[in-house]
Structure formats: structure tokens, C-alpha cells
Amino acid sequence: MRKNIVAGNWKMNNDVKETKALLKELKKGLKKIPLKNTKVIVAPTFVNLGVAVAETKKSKIKVASQNMHAAKNGAYTGEISADMLKSIKVKTVILGHSERRAYFGETDAVLKEKVDSALAQNMKIIFCFGEELNDRKEKNHFNLVENQIKNALFHLPETDWKKIVLAYEPVWAIGTGETATPEQAQEMHAFIRKTVTDKYTSEIAENVSILYGGSVKPANAKEIFSNTDVDGGLIGGAALKAADFLAIIASI
Ligand code: PGA
């Protein structure tokens, strides 16, 4: 059975003090929330990953990185490799976030390399994709999403899909306060599952968690998560406040 996942993408927020404080509050709050089939993940910035790993050691919170470089090591100033993440016990990486695609030029081809590198290190991947508003207006959103998944993931053997989580994040809903309606989310998530079924098997498609991301907050989380094909969320802004993130986790 696929897992529900609530992941907080902290983006470029929280210094070391704030990281510790937020994690302390989350740990405390999580003691009161029954996490049946639900995984909780936080993704702080690179500099705070080590602190976050130490802080969450005896808790139910897992720590993910927001990015990594595809190369094993070498002359890539300012970059971090999968091996380095593994060496501090970070075993999950977010790849393909729309901000990485838009501001740092990450193409499907670059992402494919990163996917392969992460999997070679036996890391889990939260793979993000999603359309811009224009794509939706032009009714090109299904096509675009299909290609984003295909170009970075469809070369993988079936066995690797155990390590993949998909995150549908319509760009027009990220940080804008706009959210896809539950119907829009369900429609796209069902399409994604069908795309995976058509390429692989229904078993693989049924077992892959598909998260929704884009202005999820306590007020709309329950409605979004109640859709059959929505298995949780990737949360930005609302993951920075313990009370909000906890309320979102509790609503799944
Ligand atoms: P948001 O961000 O919740 O602030 O819209 C989501 C994301 O970028 O993952």
C-alpha cells in the first residue's frame, strides 16, 4: 500500500536557531498526532541539514535535501553531491522543483542525470513537476506534465520506482495563495497514475505516492488530501509555522 506523505519544503528560510526551534515544536506536536500510514519529512537548507538530522534522530521526522548535483564530486563550486548527503544520513532529495527549473535552469535532461545519481546512492527522490498558468489556459497541461515525468523518469527500471515519490505542483499555485481545486488536483493525479500504469504496471502506479503542492494550508488540506489519488502534500509557506504544518499533517 502506498504511503501518505506530508513534506515541508523550507526553501531558503530558517537559520540554525530557527531550524532547531521549529523542529522542537514539530516533535512535540507530532506526539499528539496518530501517524498511521503517514510519513513526515522536512527539507531545510543545505547548511542546516546536519543539525536537522541530529535534532530529529529519535523522532518520526525524516530529513530531505532540496537539491543536489548529479556529479559524484569535482570542480563544481557551490554544489553538493548525493554521496555528501548520504554521509550525513540524508537519504531523500527533492528534485525538479519549479523554482530550480525556473531560476537555475534545470532542464529535464539535467534532472534525469540527477535522478540517476541519487538512485545510484540508493536515495529516495521526491520528483516535482507541474504546468504554468499559460499551459493550462492552452490546455497543454496534461501533455506537459506527461513529458516532464517521461523525460526524467521513464528510463528507470521497475525496481527503482520503489524509491520515487511524485509531486504535482502547478506553478501558478506555488506561493500565490491560489490552490488547484480538489477536482483539478484529482483529475491531474489520476492522469499521472494512468501515465505510470501505461508505461509500467498498475501495481507500480498504485504503489507510488503522488503529492500535491501549491498553497496547501490548514484550511484547504483536508479537502485536497481526501481525493483518492492525492497521497499527501509538499508544503512551502505553511511548513514554516509549526502550528500550520502540524494541522496539515493532522488533516491527512
Ligand atoms: P507553497 O509552496 O506551499 O508556499 O505554495 C509549495 C512548494 O513550492 O513546494
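Which aspartates and glutamates, if any, have their Cα less than 17 Å from the Cα of Lys72, not counting same-chain residues under 8 positions apart? By straight Cα distance, Lys72 reaches Asp83, Glu113, Asp116.
Overall form of region 80-173: prolate. Here a/c, set by the Cα gyration tensor axes a ≥ b ≥ c, is 1.5 or more, and a/b is the larger of a/b and b/c. May I ask for log10 I(q)/I(0) of region 1-143 at q = 0.12 Å⁻¹, from a Debye sum over the Cα atoms as equal point scatterers with solvent left out? Taking Cα atoms of region 1-143 as identical point scatterers yields -0.55.
Taking a ≥ b ≥ c as the square roots of the eigenvalues of the Cα gyration tensor, region 167-213 is classed as prolate, since a/c reaches at least 1.5 and a/b is larger than b/c. With 5 Å bins beginning at zero, the pair-distance distribution over Cα atoms of region 1-56 amounts to 4, 17, 29, 23, 15, 9, 2, 0 %. Here the chain is treated as a sphere whose radius is the Kirkwood value from Cα pairs; by Stokes-Einstein at 20 °C and 1.002 mPa s it diffuses with a coefficient of 118 µm²/s. Modelled spin-label separation between Glu223 and Arg2, with each label point placed 7 Å from Cα along the Cα-to-Cβ direction: 2.2 nm. Spin-label pair Thr159-Asn134: with each label point 7 Å from Cα along the Cα-Cβ axis, the two points sit 4.3 nm from one another. In order along region 30-40, phi translates into HN-Hα couplings of 5, 4, 9, 10, x, 9, 3, 10, 10, 9, 10 Hz, rounded to whole numbers, per the Karplus curve 6.51 cos²θ - 1.76 cosθ + 1.60 with θ = phi - 60° and x for Gly and Pro.
Please order Met12, Met123, Met68 by the number of other Cβ within 10 Å, starting at the fewest. Exposure proxy ranking, most exposed first: Met12, Met123, Met68. Using the Cβ-Cβ distance between Lys86 and Asn207 with R0 set to 30 Å, the FRET efficiency works out to roughly 0.80. Taking the average, over residues, of other Cβ atoms within 10 Å as the packing measure, peptides 88-94, 105-111 rank 88-94, 105-111 from highest down.
Working note: Cα atoms of region 155-238, range along each principal axis, descending, whole Å: 37, 20, 19.
Amide H to amide H, with H built 1.01 Å from N, Ser81 comes under 5 Å of His69, counting only residues 5 or more places away or on other chains.
Which order do the peptides 204-213, 76-85 take when ranked by the mean count of other beta-carbon atoms within 10 Å per residue, highest first? Walk me through the numbers on the way to the answer.
Numbers: 204-213: 20.9, 76-85: 15.3.
My ranking of the peptides, most packed first, is 204-213, 76-85.
Straight-line cross-link reach from Lys139 at under 22 Å between alpha-carbon atoms covers these lysines, not counting any fewer than eight positions away in the same chain: Lys150, Lys194.
Can you tell me how much longer the chain between Ala243 and Phe46 gets when fully stretched, taken as 0.36 nm per residue apart minus their C-alpha distance, in nm with one decimal?
On the way: separation 197, 0.36 × 197 = 70.92 nm, distance 2.38 nm.
Difference between extended and current length: 68.5 nm.
Between region 109-139 and region 196-241, what is the separation of their alpha carbon centroids in Å? Centre-to-centre distance over Cα atoms comes out at 15 Å.
Computing FRET efficiency as 1/(1 + (r/R0)^6) for Ala190 and Ala120, where r is the C-beta to C-beta distance and R0 is 25 Å, gives about 0.20.
Run the numbers for Ile33 and Lys58: contour at 0.36 nm per residue of separation, minus the present Cα-Cα distance, in nm.
Values: separation 25, 0.36 × 25 = 9.00 nm, distance 1.61 nm.
The Ile33-Lys58 span can extend by a further 7.4 nm.
A short reminder: the numbers here are calculations on the coordinates, not readings from a lab. Treat the numbers as computed from the prediction; the structure is a model and nothing was measured. Cβ atoms come from the backbone with ideal geometry, glycine included; neighbour counts cover every protein chain shown.
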